[in-house]
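*Asks:* Sharing a structure here in structure tokens format.
The values are calculated or read from the model by the stated rules, or taken from the named source; none is laboratory data. Since we're looking at a predicted model, the values are computed, not measured. Glycine also receives a Cβ, built like all others from the backbone with ideal geometry; neighbour counts cover every protein chain displayed.
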Amino acid sequence: MLRRLRRRKIRDRVIESLLLLSGLFAVFITAAIVYILVSESIPFFRHIRLVEFFTDTMWTPMFDSPRFGILPLLAGTLVTTFVALCVAIPCGIIIAIYLSEFAPHRVREVVKPFLELLGAVPTVVYGYFALMMVTPFLRHFLPDLPGFNMLSPGLVIGIMIIPYIASVSEDAMRSVPNYMREGSYAMGATRFQTAVRVVVPGAISGIAAAFILGISRAVGETMVVAVAGGLQPNLTWNPMESAATITAFIVQVSLGDLPHDSIGYQSIFAAGLTLMVTTLIFNIAGFMLTRRFREVY
Amino acid sequence: MAGAVETARAQLYASVGRRKLLDRLFVLLGMCILFAALLTLAVLFLNLVHDGAGRFGWDFFTSFPSRIATRAGILSAWVGTSLVMLVTVAVAMPMGVAAAIYLEEYAPKNWVTAIIEINVTNLAGVPSIIYGLLALGLFVYKMSLGESIATAGLTLALLILPIVIVATREALRAVPRSIREAAYALGATQWEVTAHHVLPYSTGGILTGMIIGLSRAIGETAPIITIGALAFIAFLPTPPLSGDFPYVNFTWLSDSFTVMPIQMFNWVSRPDPAFQVNAAAAGAILLGMTLLMNGVAIYVRYRFRKKINW
């Protein structure tokens, strides 16, 4: 009896350590990402000085006399992200307020899964959508719009991240305690006034975290821009021009057959490291905001 | 005197009316935007089906890619996708569920747990192309797995691991404490409680998370391109099952492959409009598969929720 008990306890210990190992695997992935990105970028930064990397205005790694300035790619990333946020933030917030404060329970239960489908569409399909449907449609209004541009992928990425922004902000709004709403109603406020002046300010850090999630999605989005953006590094702030983003550049290089130790191969890791640092900053900010938000009530 | 009261009342009513109107206008706006968003999805799907209509047919599924658009098909793509998904499930499911069980049932409140949790949250926010770079550096070169089905499957498994972990944790959390306490009271060990009682109750949630993770993996293009998969694959991997002993083999793991989204990307980036029709057809199938998987996930969640009465 006692021996069986001990055996069961030992088995429990073994299983617990196996489970812990699986948990630690997540830490291992992060460490591996950092290690690979840094170690593969080091040879790149031996050739190109950091100052040059951040100030040169040309990114032409495939030319005979290659130039490596990240600015054109960074500009492309920021422009598409900005266009995307112009769509996603207002739409996402309005949908979140509507679902959290106005919609009947049943409507919310039915609509939410459908809305999440918008975020589940494969990104290459969204790329086709941007190139073959949105760009021709926009050309009715903007006849000068080139076939490859940043406006249409930006808009499509915006549609894609609406569900992320809407569902995270809605969660934040719903965790605002009901007594705050009731206090507002008791003072004679309408639903809309309560939503805008009580619920939204009460959930503001959660909503900010939703924005940050949306931003990091948009920054890291690849295929939409790779298909519809033109893959041509171009230092411009005008969304009506064609350009490449950091992610699109990585895809473009990977499509070719690059030798392992060429500078072109190393450059995609340097680009990836830049991308990772950008999103990491947003994620840390988002984590800290959600932490603060939890302490409010 | 009476007139002043009347005006004040009229003003009050007007003001209340304005605010109520604003309320209604906002509801209208919210519904319009929601409707527009859902309409976009419908337009997208119908347009793909319409554009690709000419290519749907048995031939499309049984032909290899070709330089002639009307003869090209997705045979190597859907076979590749299925095999890659097999590897992804085999890796992501046990890993993700085990990590979630640890975090939800075992983990003490200490810094190790905190670090694991922060990592899982952060990994969910890492852009998919970064996983591609990780796989290129780690699996393709350091571990010399090459541009193979195993590499792609592992990459996608890492990518969906956070989704599986989060979904499983939610499912485990939904099991009431009383069930665990009842099992402990009868002398069960922690693992027995978890394996015999908590896990069976959370099967629905875990399956839902797994299906949603897979539907994400099936459409991922960027990381697979990064590891160097080719679009033009005119042969099939070694079949995993065969008629001779030992019936099952694993040589397919190291074979070259292509997947649906890469095939579609390849067709989209060709200037010849005839290939755009192929791209639309492949896109419609890919999107249809994603929507179907999400539908199944919603249905599974609904069924299991209905079946269990605490």
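*Asks:* Are any residues in region B:67-77 in contact (Cβ under 8 Å) with a residue 24 or more places away in the chain, out of contact with any Ser or Thr (no Cβ under 7 Å at 6 or more places or on another chain) and more than 14 Å from chain A (Cβ to nearest Cβ), and if so, which ones? Walk me through it before giving the result.
*Replies:* Taking region B:67-77 as the starting set, the residues that turn out to be in contact (Cβ under 8 Å) with a residue 24 or more places away in the chain are B:69-70, B:72, B:74-77.
Those still in the list that are out of contact with any Ser or Thr (no Cβ under 7 Å at 6 or more places or on another chain) too: B:69-70, B:74.
B:ALA69, B:THR70 - these are the residues of region B:67-77 that are in contact (Cβ under 8 Å) with a residue 24 or more places away in the chain, out of contact with any Ser or Thr (no Cβ under 7 Å at 6 or more places or on another chain) and more than 14 Å from chain A (Cβ to nearest Cβ).
*Asks:* Related question: Of the conditions (1) surrounded by 14 or more Cβ atoms within 10 Å (Cβ to Cβ); (2) more than 11 Å from every other protein chain (Cβ to nearest Cβ); (3) small (Gly, Ala, Ser), A:SER65 fails just one. Which one is it?
*Replies:* (1)
*Asks:* Given the structure, is A:PHE63 of a type in the set (A, V, I, L, M, F, W, C), outside the structural domain of A:SER254 (by TED's automatic domain parsing) and part of a loop (DSSP other than H, G, I, E, B)?
*Replies:* In short, yes.
*Asks:* Ok, one more. Inside region A:151-250, counting only helices (runs of 4 or more DSSP H) that do not spill past its ends, which hold 1 or more residues that are free of Cβ contacts under 8 Å to residues at least 60 places away in the same chain and among the small types (Gly, Ala, Ser)?
*Replies:* Details: elements: A:151-174, A:178-186, A:191-194, A:204-220, A:223-228.
The qualifying helices (runs of 4 or more DSSP H) are A:178-186, A:204-220.
*Asks:* Out of curiosity, is A:PHE148 closer than 22 Å to B:LEU48 by Cβ, within 12 Å of chain B (Cβ to nearest Cβ), assigned to a loop (DSSP other than H, G, I, E, B) and under 26 Å from the mean Cα position of the chain (by Cα)?
*Replies:* Values: closer than 22 Å to B:LEU48 by Cβ: yes; within 12 Å of chain B (Cβ to nearest Cβ): yes; assigned to a loop (DSSP other than H, G, I, E, B): yes; under 26 Å from the mean Cα position of the chain (by Cα): yes.
Yes: the conditions hold for A:PHE148.
*Asks:* In addition: Of A:LEU37, A:LEU19, which residue is surrounded by 13 or more Cβ atoms within 10 Å (Cβ to Cβ), within 17 Å of B:VAL91 (Cβ to Cβ) and at the interface with chain B (Cβ under 8 Å from one of its Cβ atoms)?
*Replies:* On the way: A:LEU37 fails: within 17 Å of B:VAL91 (Cβ to Cβ).
Answer to the selection: A:LEU19.
*Asks:* Scanning region B:98-118 for residues that are small (Gly, Ala, Ser) and in a helix (DSSP H, G or I), which turns out surrounded by the fewest Cβ atoms within 10 Å (Cβ to Cβ)?
*Replies:* Once the filter is applied, the top-ranked residue is B:ALA114.
*Asks:* Another question, if that's okay. Can you tell me which residue is surrounded by the fewest Cβ atoms within 10 Å (Cβ to Cβ) among those in region B:119-154 that are facing another protein chain (nearest Cβ under 7 Å) and modelled with pLDDT under 85?
*Replies:* The selected residue is B:TYR141.
*Asks:* I'd like to know if region A:196-217 contains one or more residues that are more than 9 Å from chain B (Cβ to nearest Cβ) and within 23 Å of A:LEU138 (Cβ to Cβ).
*Replies:* Taking every residue of region A:196-217 in turn, at least one turns out to be more than 9 Å from chain B (Cβ to nearest Cβ) and within 23 Å of A:LEU138 (Cβ to Cβ).
*Asks:* Select, from A:SER205, A:SER167, the only residue that is within 25 Å of B:LEU29 (Cα to Cα), of a type in the set (S, T, N, Q) and at pLDDT below 85. Full working, then the answer.
*Replies:* Working: A:SER167 fails: at pLDDT below 85.
Every option except A:SER205 fails the conditions.
*Asks:* Might you let me know whether region B:58-78 holds any residue that is of a type in the set (A, V, I, L, M, F, W, C), part of a helix (DSSP H, G or I), modelled with pLDDT of 90 or more and buried (at least 17 other Cβ atoms within 10 Å of the Cβ)? Give the steps one after another, and end with the answer.
*Replies:* As a first pass, look at region B:58-78 and keep what is of a type in the set (A, V, I, L, M, F, W, C): B:58, B:60-61, B:64, B:68-69, B:72, B:74-75, B:77-78.
Filter once more, so that each one left must be part of a helix (DSSP H, G or I): B:58, B:60-61, B:69, B:75, B:77-78.
Among the residues that remain, those that are also modelled with pLDDT of 90 or more are: none.
No - not one qualifying residue is present in region B:58-78.
*Asks:* Could you check, for region A:276-288, whether at least one of its residues is more than 21 Å from A:ILE48 (Cα to Cα), small (Gly, Ala, Ser) and under 16 Å from the mean Cα position of the chain (by Cα)?
*Replies:* The first filter runs over region A:276-288 and keeps only residues more than 21 Å from A:ILE48 (Cα to Cα), leaving A:279-288.
Now drop any that are not small (Gly, Ala, Ser), which leaves A:285-286.
The next check asks that each one be under 16 Å from the mean Cα position of the chain (by Cα); those that pass are A:285-286.
So far as region A:276-288 goes, yes, one or more of its residues are more than 21 Å from A:ILE48 (Cα to Cα), small (Gly, Ala, Ser) and under 16 Å from the mean Cα position of the chain (by Cα).
*Asks:* Hey, does region A:214-233 have a residue that's at negative phi, surrounded by fewer than 24 Cβ atoms within 10 Å (Cβ to Cβ) and at pLDDT 85 or above?
*Replies:* Yes; the residues of region A:214-233 include at least one that is at negative phi, surrounded by fewer than 24 Cβ atoms within 10 Å (Cβ to Cβ) and at pLDDT 85 or above.
*Asks:* Can you find even one residue in region A:124-132 that is without any contact (Cβ under 8 Å) to a residue 24 or more places away in the chain, within 12 Å of chain B (Cβ to nearest Cβ), closer than 28 Å to A:GLY272 by Cα and in a helix (DSSP H, G or I)?
*Replies:* First, the residues of region A:124-132 that are without any contact (Cβ under 8 Å) to a residue 24 or more places away in the chain: A:125, A:132.
Subset that is within 12 Å of chain B (Cβ to nearest Cβ): A:125, A:132.
The next check asks that each one be closer than 28 Å to A:GLY272 by Cα; those that pass are A:125.
Next cut, in a helix (DSSP H, G or I) only: A:125.
Checked region A:124-132: at least one residue is without any contact (Cβ under 8 Å) to a residue 24 or more places away in the chain, within 12 Å of chain B (Cβ to nearest Cβ), closer than 28 Å to A:GLY272 by Cα and in a helix (DSSP H, G or I).
*Asks:* What number of residues within region B:172-209 satisfy the criterion of being surrounded by 17 or more Cβ atoms within 10 Å (Cβ to Cβ) and among the small types (Gly, Ala, Ser)?
*Replies:* 6
*Asks:* Another question, then. If B:PHE26 passes every condition in (1) touching a residue at least 60 places away in the same chain (Cβ under 8 Å); (2) of a type in the set (Phe, Trp, Tyr); (3) facing chain A (nearest Cβ under 7 Å) but one, which one does it miss?
*Replies:* Only one criterion in (1) touching a residue at least 60 places away in the same chain (Cβ under 8 Å); (2) of a type in the set (Phe, Trp, Tyr); (3) facing chain A (nearest Cβ under 7 Å) is unmet by B:PHE26, namely (1).
*Asks:* Taking into account only those residues within region A:181-195 that are of a type in the set (Ser, Thr, Tyr) and within 11 Å of chain B (Cβ to nearest Cβ), which is farthest from A:ILE94 (Cα to Cα)?
*Replies:* Taking region A:181-195 first, the residues of a type in the set (Ser, Thr, Tyr) are A:184-185, A:190, A:194.
Cutting the leftovers down to within 11 Å of chain B (Cβ to nearest Cβ) gives us A:190, A:194.
Numbers: A:THR190: 17, A:THR194: 14 Å.
Checking each candidate, the answer is A:THR190.
*Asks:* Scan region A:158-178 and tell me whether some residue there is hydroxyl-bearing (Ser, Thr, Tyr) and within 11 Å of another protein chain (Cβ to nearest Cβ). So that I can check it myself, show each step before the final result.
*Replies:* So in region A:158-178, the residues hydroxyl-bearing (Ser, Thr, Tyr) come out as A:164, A:167, A:169, A:175.
Then keep just the ones that are within 11 Å of another protein chain (Cβ to nearest Cβ); that gives A:164.
Within region A:158-178, one or more residues are hydroxyl-bearing (Ser, Thr, Tyr) and within 11 Å of another protein chain (Cβ to nearest Cβ).
*Asks:* Follow-up. Within region B:264-310, work out how many residues are among the hydroxyl-bearing types (Ser, Thr, Tyr) and buried (at least 24 other Cβ atoms within 10 Å of the Cβ). So that I can check it myself, show each step before the final result.
*Replies:* Initially, region B:264-310 is screened for residues among the hydroxyl-bearing types (Ser, Thr, Tyr), giving B:269, B:290, B:299, B:302.
Then keep just the ones that are buried (at least 24 other Cβ atoms within 10 Å of the Cβ); that gives none.
Looking only at that region, the number is 0.
*Asks:* Continuing with this model, one more query. Give region B:241-263 a look and list any residue that's surrounded by 16 or more Cβ atoms within 10 Å (Cβ to Cβ), away from every other protein chain (no Cβ under 14 Å), at pLDDT below 80 and assigned to a loop (DSSP other than H, G, I, E, B), or say none.
*Replies:* Of everything in region B:241-263, just one residue is surrounded by 16 or more Cβ atoms within 10 Å (Cβ to Cβ), away from every other protein chain (no Cβ under 14 Å), at pLDDT below 80 and assigned to a loop (DSSP other than H, G, I, E, B), namely B:ASP255.
*Asks:* Looking for whichever is under 30 Å from A:HIS260 (Cβ atoms) and either surrounded by fewer than 16 Cβ atoms within 10 Å (Cβ to Cβ) or not charged (D, E, K, R) (or both) here; the options are A:ILE42, A:ILE94. Which one fits? Quick ask: steps written out before the conclusion?
*Replies:* Values: A:ILE94 fails: under 30 Å from A:HIS260 (Cβ atoms).
On inspection, the qualifying residue turns out to be A:ILE42.
*Asks:* While we're on this one: Pairs needed: first member in region B:199-213, outside the structural domain of B:MET93 (by TED's automatic domain parsing); second member anywhere, crowded, with 22+ Cβ neighbours inside 10 Å; C-beta distance under 8 Å; at least 6 residues apart or different chains.
*Replies:* Close Cβ pairs (under 8 Å, with a partner that is crowded, with 22+ Cβ neighbours inside 10 Å) do not exist here.
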